[in-house]
């Protein structure tokens with residue numbers, strides 16, 4: 001878990017793709033990291049040239065560090 005904390009903390013304000021142990025993927029910008037959670041500002045979903053989101057305001061998703069499988073930096 002300390003590895004994910006260091007990795008996530010080094011990627012604050014960067015666009016990432018996070019995969020959980022359950023197989024779910026989340027794309028967005030890391031806005032905050034604590035010892036137990038990563039807070040991800042979700043990117044809008046894009047489908048065939050259209051942008052779709054269910055929220056107009058930025059949506060922050062808290063992810064539990066021990067549930068994470070991988071964090072990948074997106075360029």
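Observations, loosely collected:
- Looking across the stretch 34-48 at every residue that is under 12 Å from the mean Cα position of the chain (by Cα) and within 16 Å of residue 67 (Cβ to Cβ), the one that is surrounded by the most Cβ atoms within 10 Å (Cβ to Cβ) is identified as 38.
- Residue ID - farthest from residue 75 (Cα to Cα), chosen from residues in the stretch 34-45 that are assigned to a strand (DSSP E or B) and touching a helix residue (DSSP H, G or I) at 6+ places or on another chain (Cβ under 7 Å): 37
- Residues located in the stretch 15-33, provided they are loosely packed, with under 12 Cβ neighbours inside 10 Å, farther than 13 Å from residue 61 by Cα and touching a strand residue (DSSP E or B) at 6+ places or on another chain (Cβ under 6 Å): 21
- For the stretch 1-33, the candidate set comprises residues that are free of Cβ contacts under 8 Å to residues at least 24 places away in the same chain and assigned to a helix (DSSP H, G or I); within that set, the residue that is farthest from residue 69 (Cα to Cα) is 10.
Read the figures in this text as sums done on the coordinates, not as results from a lab. Here the structure is a predicted model, which means the values were calculated and not measured. With ideal geometry, Cβ positions are generated from the backbone for all residues, glycine too; neighbour counts draw on all protein chains shown.
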